[in-house]
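Please see the structure below; I have some questions.
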Amino acid sequence: MTERHRAGLIGCGFFARNHLHGWRDLGEAVELVAVCDLDAAKAQAAAAAFAVPRWYTDARTMLERERLDFVDIVTTMPSHRPLVTLAAEHGVAAIVQKPFAPTREDCVAMVEACAAAGVPLMVHENFRFQSPMLAVREVLTSGAIGEITWARIAWRTGYDIYAGQPYLAKEERFILLDIGVHVLDLARVLVGEVERVHAETQSIRPGIAGEDAATVLLRHRSGAVSVIDCSYASYRDPDPFPETLLEIEGREGSLVLSPGLELKVRGRSGTSVRSLRTPTLPWTAEPWHVAQESVLNTQRHWVTCLEAGREPETSGRDNLKTYALVEAAYESARIQQAVRPGA
Ligand SMILES: NC(=O)c1ccc[n+]([C@@H]2O[C@H](COP(=O)([O-])OP(=O)(O)OC[C@H]3O[C@@H](n4cnc5c(N)ncnc54)[C@H](O)[C@@H]3O)[C@@H](O)[C@H]2O)c1
């Protein structure tokens, strides 16, 4: 057996539990040797629950004392740049949760620091790796609906996300950075790179600092047009949380992913319907199952790339393009005009 990759996880809060389960499932390839959180109780509890040998409250101390191959950074974005650059200084690769950082300058600094240190950097952009999205990507690459002309990618809910993530209510740049970043990333992956962005944002729920709904119109380089809409103030029955819904039209057919994850494909040879639901894992539960499972899929992609010496699909460099769409959307909403995304 080849030696396992030695990992340290930084940030043992709300979402880290999914990462911890994922690494445990990948235990043949990855050995989680340490966890770290500024809050000792959280670090200690995570280490105890997942049988991780050591815990720390300071990432620098962890990086100095442990022989790590990579760190998995599951903290909120203000700490991403200092933690990624710290890992790079120690010659350690990094996975960092989305959103990549508060500013583009921070994102570029992380990409450059890891490139200079010669270590891989991946953004944990897990929506691409949700099982339904992987299945849709296969349908599209099979050519079943022909060249894409139009798409709608929707993520709408009234679910109380503030209960688990209270910090979101204080974000001045809110849903476009939190969920828009995922959905805009999907637009790149499913439809292609983007030439022009026009966005409208709304702040609907009282008492929140930023926008909780955004509707973005994209013109893709291929000529396709897509509508990206996300809302945390969408009260529907049933509430599709946390499903990403799709309507994609091509020159020779169409594809619709509806609530409940039913996929209908109309192609040259007729119409087919199938469910894209996958069974729950021992540690996942409805309705979060698809999101939880995608964490494991993302981690598996990282391990595969690490072993093959290949750049991950969602490398820091790649994520700069997604981040550019978020920035363009904010700018468009501000100046009330279409904007070309930066490089
Ligand atoms: N990809 C997804 O589907 C998804 C879903 C939810 C959250 N997230 C992202 O995950 C990240 C974490 O979110 P969360 O809700 O778990 O946040 P959280 O606030 O619950 O947890 C973050 C933890 O990091 C710790 N921390 C902060 N700075 C640190 C530092 N310098 N060193 C060590 N520990 C530090 C905090 O003490 C806290 O316990 C966010 O960026 C969020 O956007 C992603």
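The values are calculated or read from the model by the stated rules, or taken from the named source; none is laboratory data. It should be emphasised that the depicted structure is a prediction, and the values quoted were computed from it without experimental measurement. No Cβ is skipped: glycine too gets one built from the backbone with ideal geometry, and neighbour counts run over all protein chains shown. Heads up: the accessible areas ignore ligands, DNA and RNA and are worked out on the full protein's heavy atoms, side chains in. Shrake-Rupley method; radii C 1.70, N 1.55, O 1.52, S 1.80 Å.
Just the residues that are within 14 Å of the ligand (Cβ to nearest atom) and touching a Leu at 6+ places or on another chain (Cβ under 9 Å), please, taken from the range 82-103.
Taking the range 82-103 first, the residues within 14 Å of the ligand (Cβ to nearest atom) are 82-87, 94-102.
Passing the criteria: V84, L86, A87, A94, I95, V96, K98, P99, F100, P102.
Checking the structure you have, find out if any residue of the range 94-103 is open to solvent by less than 20 Å² (accessible area, probe 1.4 Å), more than 16 Å from the chain's Cα centre (by Cα) and modelled with pLDDT of 95 or more.
no
Inside the range 7-30, can you point out the residues that are more than 11 Å from the ligand (Cβ to nearest atom) and either open to solvent by 60 Å² or more (accessible area, probe 1.4 Å) or β-branched (V, I, T) (or both)?
Result: R24, D25, E28, V30.
Being buried (at least 16 other Cβ atoms within 10 Å of the Cβ) and in a loop (DSSP other than H, G, I, E, B): is that true of E172 here? Full working, then the answer.
Working: buried (at least 16 other Cβ atoms within 10 Å of the Cβ): no; in a loop (DSSP other than H, G, I, E, B): yes.
No, not satisfied.
OK, next. So E313 passes all but one of these: (1) within 16 Å of the ligand (Cβ to nearest atom); (2) of a type in the set (D, E); (3) open to solvent by less than 50 Å² (accessible area, probe 1.4 Å). Which condition number does it fail?
The single condition E313 does not satisfy is (3).
Can you tell me which of D106, D69 is surrounded by fewer than 21 Cβ atoms within 10 Å (Cβ to Cβ), in contact (Cβ under 8 Å) with a residue 24 or more places away in the chain and more than 15 Å from the ligand (Cβ to nearest atom)?
Criteria check complete, one pass: D69.
Only one of (1) open to solvent by 10 Å² or more (accessible area, probe 1.4 Å); (2) among the aliphatic types (A, V, I, L, M); (3) in a strand (DSSP E or B) is not met by A135, so which one is it?
(3)
Filter the range 256-285 down to residues that are open to solvent by less than 80 Å² (accessible area, probe 1.4 Å), in a loop (DSSP other than H, G, I, E, B) and among the small types (G, A, S), then give me how many there are.
Residues that pass the stated criteria total 2.
To keep it simple, each residue is scored yes or no on (1) within 15 Å of the ligand (Cβ to nearest atom); (2) hydrophobic (A, V, I, L, M, F, W, C); (3) in contact with a His (Cβ under 8 Å, 6 or more places away or on another chain).
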| position | (1), (2), (3) |
| --- | --- |
| W55 | yes, yes, no |
| I73 | yes, yes, yes |
| M77 | yes, yes, no |
| H80 | yes, no, no |
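Go over the candidates A338, A328, A324, A308 one by one and state the one that is more than 16 Å from the ligand (Cβ to nearest atom), of a type in the set (A, V, I, L, M, F, W, C), surrounded by fewer than 18 Cβ atoms within 10 Å (Cβ to Cβ) and in contact (Cβ under 8 Å) with a residue 60 or more places away in the chain.
Every option except A338 fails the conditions.
Let me ask something else. For the range 147-195, which positions are touching a Phe, Trp or Tyr at 6+ places or on another chain (Cβ under 8 Å), within 18 Å of A324 (Cβ to Cβ) and free of Cβ contacts under 8 Å to residues at least 60 places away in the same chain?
I175, I179, L186
OK, next. Scan I179, I161 and give me the residue that is in contact with an Asp or Glu (Cβ under 9 Å, 6 or more places away or on another chain) and closer than 28 Å to A135 by Cβ. Before you say what the answer is, go through the steps one by one.
Details: I179 fails: in contact with an Asp or Glu (Cβ under 9 Å, 6 or more places away or on another chain).
Going through I179, I161 in turn, the sole match is I161.
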